[in-house]
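Participant: Quick one: this structure, given as structure tokens, is what I'll be asking you about.
Please treat every number below as a calculation from the coordinates, not as lab data. The shown structure was predicted, so the numbers you read here are calculated from the model rather than taken from an experiment. Every residue, glycine as well, gets a Cβ built from its backbone with ideal geometry; the counts of neighbours run over all protein chains shown.
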Amino acid sequence: ATAKSNGYTIPTGNRIVAVTNDSQDAGAAGGQVLLSPGALDVGFAAHEMLHGYGLGHSWSNDPSYQNASWSGKGEYDDPWDEMSAMAHYGWTTARYGTAAVGLNGFHLDKLGWLPKNRVVTHGANGVSTASYTLASLESQSTAGSLMIRVPFDPGDLNHYYTVEYRRKTGWSRGIPGDTVLFHEVKGGTPYLLRQVGTTGR
């Protein structure tokens, strides 16, 4: 825009690259990622790359959590999910800072990275109660469902709960321990369900 306002026209088929002598900013916008030398961190780079794949931030239902002055209440508050970077559970790599953590079930499913036959919608077969065996999202070779969807309102396909099992292994080796997590999905956004008002976030 500055070049254009000063009378310069970009030749057809060319782009402008601005090179500065200082690291300014890094992130994702418009489906593209810009990384500065100060952002060469596996966790940060993976987070921004996943924005390019169409993922938004992950959230919790905790109205008391605010990661930054410019973020929403509960935004970046699912530390088991890469889309809460840099507030996720990570581990330190030998050369490239904090590693990425896995993705929650909703994000894996949105990307098409969960086999459809291993995502179960509770009640789809007409039963109101059922027992399920969960396989962890990190160990998909294990038998069992990878994610359970529980409809909040059968008439609203965009509002449901998810149940997933996470294991402390692989990219998720930085999580505190094996756990089962519940999310409420509203309007295409997953919210980690927390016990608000208790200790032990």
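Participant: Using only alpha carbon pairs under 8 Å that are at least six residues apart, calculate the relative contact order of the chain and give it in whole percent.
Facilitator: Details: 360 pairs, mean separation 31.4, N = 201.
About 16 percent, as a whole number.
Participant: Among (1) 19.0; (2) 22.0; (3) 17.7, which one is Kirkwood radius over Cα pairs in Å computed from these coordinates?
Facilitator: Only one listed value fits the structure, namely (1).
Participant: With +1 assigned to the C-beta of every Lys and Arg and -1 to the C-beta of every Asp and Glu, and no other charges, what is the dipole magnitude of the chain about the Cα centre in debye, to the nearest 20?
Facilitator: My answer is approximately 320 debye.
Participant: Rounded, prolate or oblate: which fits the stretch 107-201 when a ≥ b ≥ c are the square roots of the eigenvalues of the alpha-carbon gyration tensor, with rounded for a/c under 1.5 and prolate only if a/b beats b/c?
Facilitator: In terms of gyration-tensor shape, oblate.
Participant: Among Gly126, Ser60, Leu114, which residue has its Cα positioned farthest towards the positive end of the charge dipole of the stretch 24-150, with +1 placed on the Cβ of Lys and Arg, -1 on the Cβ of Asp and Glu, and the dipole taken about the Cα centre?
Facilitator: After comparing all options, I get Gly126.
Participant: Sticking with this structure for a sec: Find which of Met86, Ile175, Pro190 sits farthest along the positive direction of the dipole of the chain, computed with +1 on the beta-carbon of Lys and Arg, -1 on that of Asp and Glu, about the Cα centre.
Facilitator: Of the options given, the answer is Ile175.
Participant: Same structure again: Determine, from the Cβ-Cβ distance of Ser5 and Ser69 and an R0 of 25 Å, the FRET efficiency 1/(1 + (r/R0)^6), rounded to the nearest 0.05.
Facilitator: Values: r = 31 Å, r/R0 = 1.26.
According to the calculation, E is roughly 0.20.
Participant: Once the Cα atoms of helix 42-52 and of the chain are each reduced to a long axis, what angle between those two axes, in degrees from 0 to 90 to the nearest 10, is obtained?
Facilitator: 90
Participant: Based on DSSP, what percent of beta bridges with both residues in the chain are antiparallel, to the nearest 5?
Facilitator: Roughly 75 percent of the DSSP beta bridges within the chain come out antiparallel.
Participant: Sort the following peptides by mean Cβ neighbour count (other Cβ atoms within 10 Å, averaged over residues), highest first: 80-90, 51-61. Can you show the working numbers first?
Facilitator: Numbers: 80-90: 22.5, 51-61: 18.3.
Listed from highest to lowest mean packing, they are 80-90, 51-61.
Participant: Let me ask something else. Per DSSP helix of 4 or more residues, -39500 (n - 2.57); summed, then divided by the residues of the chain. What does that give at 222 nm, rounded to the nearest 500?
Facilitator: Rounded to the nearest 500, the figure is -2500 deg cm²/dmol.
Participant: Rounded to the nearest 0.05, what FRET efficiency do Ala130 and Thr189 have when you use their Cβ-Cβ distance and R0 = 35 Å?
Facilitator: Working: r = 26 Å, r/R0 = 0.76.
With a Förster radius of 35 Å, E is 0.85.
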